[in-house]
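A short write-up of the structure that comes next.
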Amino acid sequence: MASLQTATAPAAVPLQARIGSWKQKLATQTSRLREEFFARKSPSELLRRQAAVIDRQLKEVWASHAMPRNVALAAVGGYGRGRLFPCSDVDLLILLSTPADATLAHKLEKLIGILWDIGLDVGHSVRTIDECAALAAADVTVQTTLLEARLLTGKRELFARFVKRMRDTLDPAVFLQAKLLEQQQRHARYAETNLEPNIKESAGGLRDLQTILWIARAAQIGTGWRELARRGVITAAEAREIQSHEQFLQSLRIRLHYCAGRREDRLLFDFQSALAREFGLHDRPHRLASEQLMQRYYRTAKAVSQLNTIVLQNLGARVMPAHDQEYHPINERFGTRDELLEACDERLFERLPGAILESFVLLQQHPELKGMSASTLRALWCARRLINPTFRRNPHNRERFMQLLRSPTRVERALRRMNEYGVIGRYLPAFGRIVGQMQHDLYHVYTVDEHILRVVRNLRRFSIPELAHEFPLCSRLMSDFARSEVLYLAALFHDIAKGRGGDHSQLGTVDARSFCREHGLTRDDSELVAWLVENHLVMSTTAQKQDIADPEVVSAFAKRVSDERHLVALYLLTVADIRGTSPKVWNAWKAKLLEDLFWATRRLLAGARLTLASSLQARQDEARSKLRLYAVPDNAHEPLWAELDDPYFLRHEPQEIAWHTRLLYYRVHTPEPVVKARLSPAGEGLQVMIYVPDQKELFARICSFFERVSYDIFEAKIYTTRHGYALDSFQVQDPDNRRPQYRDVIGLIEHELAERLRHKTPLPPLTKPRLSRQLRHFPISPEVNIQPDEKGTYWVLSVIAGDRPGLLSRIARVLTAYDINLHTAKINTLGARAEDVFLITGAVLKDPKAVVRLESDLVEQLRT
């Protein structure tokens, strides 16, 4: 039973009065610290003084609470280091000599309540030494928290026994392995937070620096950067560099806490612009202040990751000496030791700068190697400055770089390593400028350099036979594509000019041509690389914004690609590019559009004669063939088809025509709405057919229904038959791509939508949509453009706006008000950005002034 012998209590003062006094004093002191931080801008001083303020407050509360003498109060975790961020938790360990009895438990509960009442976010544990040891042995996180315990007040002898017990039970080698695994898992967990990184937990964050110090402390090598430098774990220059990066990250996290008013370690869009202003950054013509701040953060994180790798390898060599210490030569410059590539001496890169690229070639050629040794990595890190114009002009270095791209394996891994170690950005200065560059276009969720490397990865995956099931067509095309380095180069340069201003495709083409000329590519391959960079958006734009059922659209696209090699290359690059923007942008519908355009163009390039009449006849013949499979009588389709004209057959695929006919041939003149849905042939989502006597506000009514059931519309084909029926076809999908019980969803759509159309349900009132955080902080100004198409048959309405619920309904209502007829709608959602294209007709479009009014009304509607 814990002793109840207590210290002398202070003079009696009402508890609530003391709590109020403590709370006021704490608020005053922390407020003063904030003011002094913004005046002096010293993060390390703020962190020390913040911890000291909390120390004094805790000791005062503890003393006033008459706690037993055989209990100790210790700071643990980050607070245990004597550093505390403004809104971080105050982690405490209440150390007992024996388990608490009911009286002590009540006293401790009251103490913790008081700490919360005065404004401290306390994270506490109440344990004996034996309990601490048992938990530490079972959980490395607990062990790490207790590693930096610091006595605040209470029994010193008890705390000293606790420290000795923790030190005696800690195995540095086991601790090292556990922390390395924990870091690897943490990096994987935060890998997709690229645009809103966690300053503390993401790769290259503060936790990576702290991991080094934890391991060094556990091995009793050192507790700070200067001590590690004295012990030879890092160089003095590395210590200064680490401290510089640490200060920036600490300053950023402190400001983020103050800006958010809470413990917030994620660089959310909500705070990026405000933080950028605090760092003195301002918007430039082609770069937002927030983008400049985030680029500095990403470059800092990259440097921290590199130093983390170097230092942890050095610590690992001391804590766990390699089993295989023998050096095995590969050539006269490099060898292997303990499954790591090692330079023959640490001055190799200084003597022979070309060995920098050779090291990456060797890693690529020897998959058994896990990386570079710490000494080689450090030498490489220091030798980066030697990658200068002379280095880049050296023909041997150019040949080695091309050798990396021409390798049959590990291309993306080699380029990613070169980016991590700061090599590729020096070899390709244009690439160096986009390292860590944000893209606030609301659909790229990665920095430009990360996006480019993911595009290379996607291309590389197309060539791996074991992954052919992912994209069978791409894999087949890639296996037959000669000199795949052409595609990798196009991927490297396609976005390399982002952020310069102007057309990045045109600017990147200039860089690509120069590179190809300097690196000895053939004229044909050089022109193909440059053409791909210049036209890398053409295929996606054509497939997603134009009517690819129109033979003239396909013919124009075929004329642009000119031959099959250009077509295959552009298709592969386009698929890889879209998939590399965001995990949510690619879907089966986009895949189908691109594949349909690819096959139509390939047939045309192969010599097939594509005319309006031939296309029309081919579609009707194939549709009849499919109808026979469903035992539809031979002439049963004629009453329906008599009401359909050429645009219908050209705009719909044969299987879609057959589906419509099978459902409608026996009820061509039905007065009742017909709504039918099925799993989409594209592979994801649903295809919905609506057949109903035409009615006012029909498109708006349909759009509002799908918005109500939370389904996104990807494509709408709007058609009015000769006898005045709407025959509309929609491709819809759950925005989160969940896998619901489709039978239930289909039943809901068929019944509920038919009822709405039957009763011509009034449109619901428009409400102010709830915008995503991205759109709130990086809004997209709506753009509306109405132009006649090349044939003069339709008008093309192009809309660019931030995507939000109700967007299509708003557009539909404006079109209805102007008596506009809608024929097709291509809905292209790119993250939080909508780029929609509509084919429309209407008498009002003949009046230029009315067109301007229509554009203005659409813009106004999209702003609200």
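The values are calculated or read from the model by the stated rules, or taken from the named source; none is laboratory data. This structure is a prediction, so every number in the text was calculated from the model and none was measured. Every residue, glycine among them, receives a Cβ derived from its backbone with ideal geometry; neighbour counts consider all protein chains shown. The accessibility values were calculated without ligands, DNA or RNA, using every heavy atom of the protein model including side chains. Shrake-Rupley method; radii C 1.70, N 1.55, O 1.52, S 1.80 Å.
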> What are the residues in the stretch 782-792 that are in contact (Cβ under 8 Å) with a residue 40 or more places away in the chain and part of a loop (DSSP other than H, G, I, E, B), if any?
Replying inline: PRO782, ASP789, GLU790, LYS791
> Can you tell me which residues in the stretch 816-853 are of a type in the set (S, T, N, Q) and in a strand (DSSP E or B)?
Replying inline: ASN821, THR824, ASN828, THR829, THR841
> If you scan the stretch 211-236, which residues turn out to be free of Cβ contacts under 8 Å to residues at least 60 places away in the same chain and not in a loop (DSSP other than H, G, I, E, B)?
Replying inline: LEU213, TRP225, ARG226, GLU227, ALA229, ARG230, ALA236
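Conditions (1) touching a Gly at 6+ places or on another chain (Cβ under 9 Å); (2) not hydroxyl-bearing (Ser, Thr, Tyr), marked per residue:
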residue: PRO43; (1), (2): no, yes
residue: LYS59; (1), (2): no, yes
residue: ALA66; (1), (2): no, yes
residue: ASP91; (1), (2): yes, yes
residue: LEU95; (1), (2): yes, yes
residue: LEU120; (1), (2): no, yes
residue: THR128; (1), (2): no, no
residue: GLU131; (1), (2): no, yes
residue: ALA134; (1), (2): no, yes
> For the stretch 456-474, what are the residues that are open to solvent by less than 10 Å² (accessible area, probe 1.4 Å) and closer than 14 Å to LEU404 by Cβ?
Replying inline: VAL456
> Just for helices (runs of 4 or more DSSP H) wholly inside the stretch 380-427: which have at least 2 residues that are without any contact (Cβ under 8 Å) to a residue 60 or more places away in the chain and crowded, with 18+ Cβ neighbours inside 10 Å?
Replying inline: 395-406, 411-420, 424-427
>> Of the conditions (1) out of contact with any Leu (no Cβ under 6 Å at 6 or more places or on another chain); (2) charged (D, E, K, R); (3) surrounded by fewer than 18 Cβ atoms within 10 Å (Cβ to Cβ), ASP577 satisfies every one except a single condition; which number is it?
In response: (3)
>> Are there strands (runs of 3 or more DSSP E) fully within the stretch 666-726 with at least 2 residues that are touching a Lys or Arg at 6+ places or on another chain (Cβ under 9 Å) and either under 23 Å from LYS590 (Cα atoms) or acidic (Asp, Glu) (or both)? List them.
In response: 686-693, 712-717
>> Filter the stretch 414-469 down to the residues that are modelled with pLDDT of 95 or more and among the hydroxyl-bearing types (Ser, Thr, Tyr) and list them by number.
In response: TYR427
> Of the residues in the stretch 315-354, how many are under 26 Å from GLU241 (Cβ atoms), within 34 Å of the chain's Cα centre (by Cα) and open to solvent by 30 Å² or more (accessible area, probe 1.4 Å)?
Replying inline: 1
>> With the structure loaded, tell me whether LEU357 is crowded, with 16+ Cβ neighbours inside 10 Å and in contact with a Phe, Trp or Tyr (Cβ under 7 Å, 6 or more places away or on another chain) or whether it fails that test.
In response: yes
> Which condition does MET438 not pass, out of (1) under 28 Å from TYR298 (Cβ atoms); (2) assigned to a loop (DSSP other than H, G, I, E, B); (3) open to solvent by 10 Å² or more (accessible area, probe 1.4 Å), if it passes all the others?
Replying inline: (3)
> Can ALA600 be described as touching a residue at least 60 places away in the same chain (Cβ under 8 Å) and small (Gly, Ala, Ser)?
Replying inline: no
> For the stretch 554-595, what are the residues that are touching an Asp or Glu at 6+ places or on another chain (Cβ under 6 Å) and aliphatic (A, V, I, L, M)?
Replying inline: ALA588
>> When the residues of the stretch 475-504 are narrowed to those that are of a type in the set (Gly, Ala, Ser) and open to solvent by less than 10 Å² (accessible area, probe 1.4 Å), which ends up nearest to GLY436 (Cα to Cα)?
In response: ALA497
> So which pairs qualify, if the first residue must be in the stretch 23-37 and touching a residue at least 40 places away in the same chain (Cβ under 8 Å) and assigned to a helix (DSSP H, G or I), the second must be of a type in the set (Asp, Glu) and open to solvent by 60 Å² or more (accessible area, probe 1.4 Å), the Cβ gap must be under 8 Å, and the two must be at least 6 apart or on different chains?
Replying inline: LYS23/ASP117
>> Name the single residue that is farthest from ARG863 (Cα to Cα) among those in the stretch 753-770 being open to solvent by 70 Å² or more (accessible area, probe 1.4 Å) and basic (Lys, Arg).
In response: ARG758
>> Looking at VAL163, VAL61 in this structure, which one is part of a helix (DSSP H, G or I), closer than 30 Å to GLN247 by Cβ and free of Cβ contacts under 8 Å to residues at least 60 places away in the same chain?
In response: VAL163
>> Anything in the stretch 621-654 that is without any contact (Cβ under 8 Å) to a residue 40 or more places away in the chain, buried (at least 16 other Cβ atoms within 10 Å of the Cβ) and not in a loop (DSSP other than H, G, I, E, B)? List them, or say none.
In response: ALA623, ARG624, LYS626, LEU627, LEU640, TRP641, PHE649, PRO654
> Only one of (1) open to solvent by less than 30 Å² (accessible area, probe 1.4 Å); (2) in contact (Cβ under 8 Å) with a residue 24 or more places away in the chain; (3) more than 18 Å from ARG217 (Cβ to Cβ) fails for CYS132. Which number is that?
Replying inline: (3)
> Residues LEU256, LEU249, LEU288, LEU267: which one is of a type in the set (A, V, I, L, M), in contact (Cβ under 8 Å) with a residue 12 or more places away in the chain and open to solvent by 30 Å² or more (accessible area, probe 1.4 Å)?
Replying inline: LEU288
>> Please go through the stretch 751-780 and give me each residue that is within 29 Å of ALA832 (Cα to Cα), in a helix (DSSP H, G or I) and at pLDDT 85 or above, ordered by number.
In response: GLU752, LEU753
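Residue-wise test of (1) among the charged types (D, E, K, R); (2) open to solvent by less than 10 Å² (accessible area, probe 1.4 Å); (3) modelled with pLDDT of 95 or more.
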site: THR145; (1), (2), (3): no, no, no
site: LEU151; (1), (2), (3): no, no, yes
site: LYS155; (1), (2), (3): yes, no, no
site: ARG167; (1), (2), (3): yes, no, no
site: ALA173; (1), (2), (3): no, no, no
site: HIS187; (1), (2), (3): no, no, no
site: ILE199; (1), (2), (3): no, yes, yes
site: ALA203; (1), (2), (3): no, no, no
>> Suppose the filter is free of Cβ contacts under 8 Å to residues at least 60 places away in the same chain, out of contact with any Asp or Glu (no Cβ under 6 Å at 6 or more places or on another chain), at negative phi and surrounded by 12 or more Cβ atoms within 10 Å (Cβ to Cβ); does GLU750 pass it?
In response: no
>> Looking only at residues that are within 32 Å of the chain's Cα centre (by Cα) and open to solvent by 10 Å² or more (accessible area, probe 1.4 Å) in the stretch 543-564, which one is nearest to LEU605 (Cα to Cα)?
In response: ILE548
>> With the requirement that a residue be closer than 30 Å to PRO395 by Cβ and open to solvent by 10 Å² or more (accessible area, probe 1.4 Å), what does the stretch 526-542 give you?
In response: SER526, GLU527, TRP531, GLU534
>> open to solvent by 20 Å² or more (accessible area, probe 1.4 Å), closer than 23 Å to ASP712 by Cα and polar (S, T, N, Q): is that true of GLN787 in this structure?
In response: no
